[in-house]
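Contents: one structure, followed by commentary.
The values are calculated or read from the model by the stated rules, or taken from the named source; none is laboratory data. For clarity, every value in this text was computed on a predicted model and none was experimentally measured. Note: ideal-geometry Cβ built from the backbone for every residue, glycine included; neighbour counts use all protein chains shown. Surface accessibility is based on the protein's heavy atoms, side chains included, excluding ligands, DNA and RNA. Shrake-Rupley method; radii C 1.70, N 1.55, O 1.52, S 1.80 Å.
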Amino acid sequence: MSKGEVVVLDFWVSPFCMRVKIALGEKGVEYEGREEDLFGGKSELLLKSNPIYQKVPVLLHNGKPLCESTTIVSYIDEVWPSPPLLPPCAYGRAQARFWADFIDKKAFDAVGKIWRSKGKVAESAKKEFIEILKQLEGALGEKDYFGGDSFGFVDVIAIPLTSWFHAVEKFGGFKVEDECPKFSAWMKKCMQKESVAKIIPDPEKVYEFVIMMRKMQGIE
Ligand code: GS8
């Protein structure tokens, strides 16, 4: 479903970039992914396209840049409406945006706190993280996906975070599956989707990346 040229300024292990690629995959949109070197030096194109934050992902649609993953996923849903990610009613859309915001504010922070810490701090970060997952389990309820029967907006926003779970499980000494079985079942269901499976990186590679980051930040 072409509506011009689509380029994603990307970084393989970034859950924010994964959101954009999964949304494009759901819509069947072809795109060119350009891997950024976030440590060695960002491209001129990235600096020019996202002068405010200088972060990936950036979506370039016919040369016009869009920044911030949740904003980009909403844009993709508007430009390529089929299959829809956001629900048709205003209330459902507002609810989806509420949970997307919760994931950004709470869940990402909690994952970061676990891998960036050690000892007692890591222990309390782990408790906080499990609490957040349980709140997400509550939002999921008995549904297959956050929005109901089909994979939608909140699923696209949330599923990339799970690519870091293996790493945080190793550092935190726990298993998401034991603590939050319903959330875990949702993860497995999402992973059966081609749009998700082909984008989520190998958990061992993510773990190795996190070890490297911990070394770089002097944590170990
Ligand atoms: C976060 C993007 C981000 O943190 C979004 O798109 O939703 N709120 C934004 N991108 C990171 C890579 S993933 O951790 C990034 O580009 N970092 C480079 C930097 O901070 O210099």
Checklist entry - When you look at Ile132, is it in the same structural domain as Phe174 (by TED's automatic domain parsing), away from the ligand (no atom under 16 Å from the Cβ) and of a type in the set (Val, Ile, Thr), yes or no? => result yes
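One line per residue, one yes/no per condition, for (1) within 28 Å of Ala107 (Cβ to Cβ); (2) in contact with an Asp or Glu (Cβ under 6 Å, 6 or more places away or on another chain):
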residue	(1), (2)
Glu5	no, no
Cys17	yes, yes
Tyr31	yes, no
Phe39	yes, no
Tyr53	yes, no
Lys64	no, no
Item to check | Condition met for Asp109 (over 23 Å from Pro87 (Cα atoms), open to solvent by 80 Å² or more (accessible area, probe 1.4 Å) and of a type in the set (D, E, K, R)) | outcome: yes
Checklist outcome for this item: Only one of Phe102, Phe108 is assigned to a helix (DSSP H, G or I) and within 10 Å of the ligand (Cβ to nearest atom), namely Phe108
Next on the checklist: Looking only at the stretch 141-168, count every residue that is open to solvent by less than 30 Å² (accessible area, probe 1.4 Å) and under 24 Å from Trp115 (Cβ atoms) and tell me the total.
Outcome noted: 14
Checklist entry - Would you call Ser195 buried (at least 16 other Cβ atoms within 10 Å of the Cβ), assigned to a helix (DSSP H, G or I), of a type in the set (S, T, N, Q) and in contact (Cβ under 8 Å) with a residue 24 or more places away in the chain? => result yes
